[in-house]
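FYI, it's all coordinate maths here, none of it is from the lab. It should be emphasised that the depicted structure is a prediction, and the values quoted were computed from it without experimental measurement. Methodologically, a virtual Cβ is constructed for each residue, glycine included, from the backbone with ideal geometry; neighbour enumeration extends over all protein chains shown.
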């Protein structure tokens, strides 16, 4: 078998990312002792981590815990525990893993995760988020606030949408003042929004590097690795420093035209979350064909920064509201996702689209057949549709998935060589 | 004459086809069919050996061997592998030159393939997670009714009022069938309903592509006349069914092998085993 | 009394009719007027009514349509009603409708809205964001959202909606809701006078009949039902809970009763029972509609309200109707229902009440398996 040569994004940044995440878990462990710092459970998508900085509070991200477990092949035990309690086979496995962990006292690092000061459900499109946090609140006894973010049903949010979210953000501030006994630090909050703005600029530049040929990093598998600090440290100086360093490292690679393979053969846009329990295996299936993701929708769940939007420290509440309303993939409507993918294919010069349907997540997956229809029949872009799950290891059929991927690249390969031969013939004719 | 062999190792049966090109056209010289059983490598070897014997050609005269099917990586004596999707498209195009859509119903999976003018794969969809639309579903249904697999097709053709089957789960359809039997429905109507349900399910999958004529059916289930009829009824069009439908994957693999011999297809698609030993 | 049976049968037939004959009739009688479809569960029908339109609640195609095309757009693990609704659109069954409205009940339904929008650009598709918040701010938001919808309805050919016309519409739907509450009270008190499948077709026909007509039917039935000859049965009193967006086949409801259950409370027809009282007719009617949604909605799996968690609401239902058992009837792949089941079950266990979980699909043709489960359950309660 030909050997697969990949240069994973494993510069110093990779280690730094690990350290940052460990620090975060360590802070959460400390908070388990006396509630200092206060902690707020939040969802990744459209998260308002800047607000927490105004209280010196730390986020808890159940989704990050769930994915960490899955990557370490530890998600099945908590999922089964949740199913024993009555959760269905077809409930989102992220939720089951998280609830199961709470039931069994499992955490990603073995350190403690505190009972949150507030369970803040930032409802940005994912209806499962609401149920999830209702259950977390019931289980932990912590107070719950559902921040209802109107769905982006038109091209832009309405004035009423923005006003509604801003009013709720301010309610959250009042609530946190009561729960933490701390006064909201406006200056610290503004600085946090400023940090976010800078991190977003850096992240956007990083994302644009994958427009180069070859791309210096994989905008799906490697981007996911970089996403942790994006959610936890976006509004902090550590985040700014981290992304500055990441940008520098990648810039060097881009200048040196160093790709992740010795030869980049295919450029892909990836849609959908990865199968975390089989992250490595899944990556290898594409690496075999020297296929590099140049863009992905999943890496924009926390925020869509590549098209110019930034948090604005001069309009902190309004810009946070805009981020939650319009600038993350989950609160945007399905057709806007088609457009996002189309832009990626065009501007990042991709050869094909890979749609990964995940059983757990109807937000991503319900209607992906129509998405495929749009891209193959209307736009003529080769699109592969594969299925598994993002968290539950029981739903990955390795041989079948590999088969589909191989067949897809066989036909792409054939098309490439046929057009190459055609061009050669034209030249010699 | 250039000689090549395609070996298709399926979940239930392994097929081998020996193809020859004497410069005046490609011909199928022999075929072999064995049960796969537990030892995939042995089954593949057995199919290959039988195929050579049937053609009267010694194995060392075979210039190139391409393996396909789910067991293709276990064909240790082969030179390269291709997925069965590519092979079915190629094979169907060879045997029915106007083919633009292939519907393949095998033992464990079913697929639809959009085929280009040279037999290349333009697009494909697969159902490989569940047995609906596969030979397994039909085998199960046959067993529940105590009928042999050979009879279910002709039986379904005699349906006058096919029953409605809602479930596409191989396991749960059993209780549907038993329920209808208890209601006194005719075996013909039950089988007719089962075949129609599978046909609808398969075409539902196929509609993710643009179904263009000529439509060729491949795979083991193509031998079931009842299924062909059911598909034609739901599609509203006639299907091509080659007598070699069951060997389509092996034929396609053989064609790729011949090409490799003729060195007309250069690409990194050819994934060669480190040990390309053919004994 | 024959009239009663005939009414149930004819309404039952109408429920099965995918060509929407009553909608087509109404359009013929009101040339130029619009019919508007709403996906479950709750919809502010009063807005469309006030704009001179016919609001219709869609409930998928049940078992009457083979899914031949929708499967290619929506794959596995998606509930049937999403697929049959897509299939209806793809086979022309939704042609009588000029607009379709969806709301924030779940992810699958929401994606369906936009998939239909792309494939049927000639139709007006909109998404109503019903709030998952009980903060006071959500009332103002919802009022603004309703005004946005009114503007769209007017723009697409509806009559100008005035405060008075909206109040009139609200008054009518208040009346409908009152009559439906009365029916449920009658049924809970005297289940032998009104079987569940009967009340079901009676109430659900309100999904597609003009509300004025529906009120007339409900009123006349309420007058004659108390005198209906009926024998008390020795059945167990059951609450059916299921977040019904997707509806069970009628046969399944009859089966539950035939197996020995008196369904004394259910959430099968939640759209017509959404509010716990009348919507006030004083003041700004848009504000009143919005305020009622946030403050006076009954509990539902598709609406977040933690001031009074759903499981407490379930306990109240059980006590109010002196129920013996709970049957959780959940549509396959209905995520909101699956989630709520966990905490509902916990509550019912705390109350010491027996319960049964049944999964169904709107497309069921053979009922043996499910019949066995229900009969076993009933037997275990009766002969214990």
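With both residues required to sit in the protein assembly as shown, DSSP beta bridges show an antiparallel share near 30%. Put a dot 7 Å past the Cα of residue A:245, heading toward its Cβ, do the same for residue C:29, and the two dots end up 7.5 nm apart.
Per-peptide packing, taken as the mean over residues of other Cβ atoms within 10 Å, places B:137-149, A:204-216 in the sequence A:204-216, B:137-149 from highest down. Extending 7 Å from Cα along the Cβ direction at residue B:53 and again at residue A:237 yields two label points whose distance is 8.1 nm.
Expressed as an acute angle from 0 to 90° and rounded to the nearest 10, what is the orientation of the C-alpha long axis of helix A:12-34 relative to the principal long axis of chain A? Taking Cα atoms only, the helix is inclined about 20 degrees. Averaging 1/r across all pairs of distinct Cα atoms in region B:101-227 and inverting the result yields a Kirkwood radius of 14.8 Å. Per residue, the convex hull spanned by the Cα atoms of region C:22-164 measures out at 116 cubic angstrom.
In this simple spin-label approximation, residue C:95 and residue C:216 carry label points 7 Å from Cα along the Cα→Cβ vector, and these lie 2.9 nm apart.
With R₀ fixed at 22 Å, the C-beta to C-beta distance from residue B:164 to residue C:19 puts the FRET efficiency at about 0.65.
Paramagnetic label reach from residue C:258 (point 7 Å along Cα→Cβ; backbone nitrogen cut-off under 18 Å): within region C:194-223, residues C:195-201. If the chain linking residue A:33 and residue A:416 were pulled fully straight, counting 0.36 nm for each residue of separation and taking away their Cα-Cα distance, it would gain 131.9 nm. Between the C-alpha center of region A:106-158 and that of region B:1-62 there is a gap of 60 Å.
Given the protein assembly as shown, report the % of alpha carbon pairs whose separation exceeds 48 Å. Considering the protein assembly as shown, 33 percent of its Cα-Cα pairs are separated by more than 48 Å. Sorting A:248, B:120 by the number of Cβ atoms found within 10 Å of their own Cβ, with the fewest placed first, yields A:248, B:120. Label 7 Å along Cα→Cβ of residue A:84; region C:317-354 residues with amide nitrogen under 18 Å? Within reach of a label on residue A:84: C:342-343, C:346.
Over all distinct Cα-Cα pairs of region A:140-244, the Kirkwood formula returns a hydrodynamic radius of 16.7 Å. Take the Cβ atoms of residue A:177 and residue A:14, set R0 to 41 Å, and the FRET efficiency comes out at 0.60. A P(r) calculated from all alpha carbon pairs of chain B, with 10 Å bins opening at zero, reads 7, 30, 32, 20, 9, 2, 0 percent. Neighbour counting of Cβ atoms within 10 Å sorts the residues A:269, B:194, fewest neighbours leading, into A:269, B:194. Here the residues A:270, C:53, C:123, ranked from fewest to most Cβ neighbours within 10 Å of their Cβ, fall in the order C:123, C:53, A:270. Mean per-residue shielding of peptide A:238-245 is 0, counting Cβ atoms of other chains within 10 Å of each Cβ. Within 10 Å of each Cβ of C:137-144, how many other protein chain Cβ atoms are there on average? For this peptide, the per-residue mean of nearby foreign Cβ atoms is 5.
Normalising the average separation of contacting C-alpha pairs (under 8 angstrom, six or more residues apart) by the number of residues puts the relative contact order of chain A at 20 percent. The angle separating the long axis of helix C:107-119 from the principal Cα axis of greatest extent in chain C is about 40 degrees.
Counting Cβ atoms of other protein chains within 10 Å of each Cβ in A:409-421 and taking the mean gives 5. So if we plug the beta-carbon distance of residue C:382 and residue B:233 into 1/(1 + (r/R0)^6) with R0 = 60 Å, what FRET efficiency do we get, rounded to 0.05? Calculated value: 0.80. Based on the Kirkwood radius over alpha-carbon pairs, what is the Stokes-Einstein translational diffusion coefficient of region A:289-384 at 20 °C with 1.002 mPa s viscosity, in µm²/s? This corresponds to a translational diffusion coefficient of 147 µm²/s. Place a label point 7 angstrom from the Cα of residue A:314 along the Cα-to-Cβ direction, then list the residues of region A:186-220 whose backbone nitrogen is under 20 Å away. Backbone N within reach: A:186-202. Note on chain C: semi-axes of the ellipsoid equivalent to its C-alpha gyration tensor, largest first and rounded to whole Å, are 32, 23, 22. Note on chain A: Rg/Rh from C-alpha atoms, Kirkwood Rh, equals 0.97. Distance from the alpha carbon centroid of region A:345-406 to that of region A:269-323 works out to 15 angstrom.
By how many degrees, between 0 and 90 and to the nearest 10, does the Cα long axis of helix C:368-382 differ from the longest principal axis of chain C? The helix C:368-382 is inclined about 60 degrees to chain C.
Restricting attention to chain C, close to 5% of DSSP beta bridges with both partner residues there are antiparallel.
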